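Some notes on the structure that comes next.
The values are calculated or read from the model by the stated rules, or taken from the named source; none is laboratory data. The model shown is predicted, which means the values in this text are computed figures rather than measured ones. So basically every Cβ, Gly included, is an ideal-geometry build from the backbone, and we count neighbours across all protein chains shown. In case anyone asks, the SASA skips ligands and DNA or RNA and just uses the protein heavy atoms, side chains included. Shrake-Rupley method; radii C 1.70, N 1.55, O 1.52, S 1.80 Å.
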Amino acid sequence: MAEVLRRHRWSAARALGTVGVFGVLVWRLGTGPFLDGLRSIDLWSLAAASGIAVVTTVCCAWRWTLVARGLGVAVPLRAAVAAYYRSQFLNVATPGGVLGDVHRGVRHGRDVGDTSRALRSVVWERFAGLLVMILMAASALSLLPSPVPVPLPVVGLVAVAAGVVVALVLGVPTRLAPLWARLLGSAGADLRAGVLARHTWPGILLASTVAAVGHVLTFLIAARVAGSSASPLRMFPLALLVILAMGLPLSIAGWGPREGMAAWAFGAGGLGAEQGVATAVAYGVMVFVASLPGAVLLLTTRIRRGSMVARAAPRPVAAATSTPDGVGHG
C-alpha cells in the first residue's frame, strides 16, 4: 500500500511539474509559440527526423549490445535495434520516460533467464550515453562561442558522475554497511566489465557521440523549420542543454522541462524565449513521429503472440452423447 501511495505521489508531482512549467510559459509568452511550433512542422522535417533516428537508434542499440555482452547477457544487434525502437516509443508516449527501458530490460531478461543482469545492462547503457551527453554539453558551453554560460547544474552533474565512476572503479570502502558494500561492489564490477572494459569503452564512446550528434542535428532542423536563423555553432550547446532537460524525471514523456529549458536557453542566448518554445515543441513532435516504428513493432509483436497463444490453446473435447442402450458415442 505504501509503495502504491509513493507511486501516486510521484506521478502527481511529475504531472504538477509539467503543468507548472507550461502554465508559467503560457502566462509569460502566451500560446503563440506552442502553435507556431506545431504549424512549422512539415513532411521534410518529419522525414529527416525519422532518417536520423535510424542512425541514432542503431548506435544506441550497438552500445547496448556492448554493455550487455560485457555483463554476460549478450543480445544480437538486430534484436537490440527492434527492442530499442520499442523502448523509444514507450519512453516518448508514456509519463516518466523510462517505461520503455524497463520493458526492454525485462523482456531481454526473460529471453536470457537473468532479469536482474539484463536490467543492469540497460541502466549502465543509458548511464554511459548520459555521461557522454553531459561531457559534450559542458565542453560545448565552455569552448564554443555561446552566449550562455556553463550552468552550475551541468558542472554539478559532471562532478557527481565523475565521482561515482572513480569511486566504483577504485573499489568500495569496507567500513560501509554490508548491504551497501555489496550493492556498490556489484555496481563497480558491472561498470568495469560492461562499460570500461578495454574492448568495450571505445565502441560505447563512439556510439554515444554519434547518437548525441544525431539528436542535436534533429534539434537544429526543428529550430530551422521553426524560424531560427542562428548558426549551428551557436545552437549546438543550447541543443545539448535542451536535450538533457528531457531526461529530468519531472517530465511527462519529455514535455515540460524541455520547453522550459529551451525558453531559458534561447532567451539567455539572445534568440528569444518564444523561439525556444516553438523549437522545443517542433522537436518533440518530430521525435515522437520518428519513434513510431516502435509502435508498429509493439503491435506486430502483440498480434504474433496472440496468434501463437491461440494456436497453442487446447481444443475443447466434444461431450459424449448417450444412446438409448447406454453406449456413449462422440
Problem set entry | Alpha carbon centroid spacing (whole Å) that separates the stretch 87-110 from the stretch 210-280 | 24 Å
For this session: Would you kindly state how much longer the chain becomes between Ser229 and Thr31 on full extension, computed as 0.36 nm times their sequence separation minus their alpha carbon distance, in nm to one decimal?
Result: 69.1 nm
Exercise. What nm value, rounded to one decimal, do you get for the distance between Trp201 and Ala79 when each label is placed 7 Å out toward the C-beta?
Worked result: 2.9 nm
Problem set entry | Simple label model, 7 Å out from Cα along Cβ direction - Ala47 to Leu143, nm | 3.5 nm
Seminar exercise, completed: If amide H atoms are modeled at 1.01 Å from N in the peptide plane, then the residues at a separation of 5 or more from Gly254, or on another chain, having amide H under 5 Å from its own are Gly96
Exercise. Say each of Arg39 and Val102 gets a label point 7 Å from the Cα, pointing the same way as Cα to Cβ; how far apart are those two points in nm?
Worked result: 4.0 nm
Exercise. Given a 1.4 Å probe and the protein chains all in place, what does the accessible area of Arg120 round to, in Å² to the nearest 10?
Worked result: 70 Å²
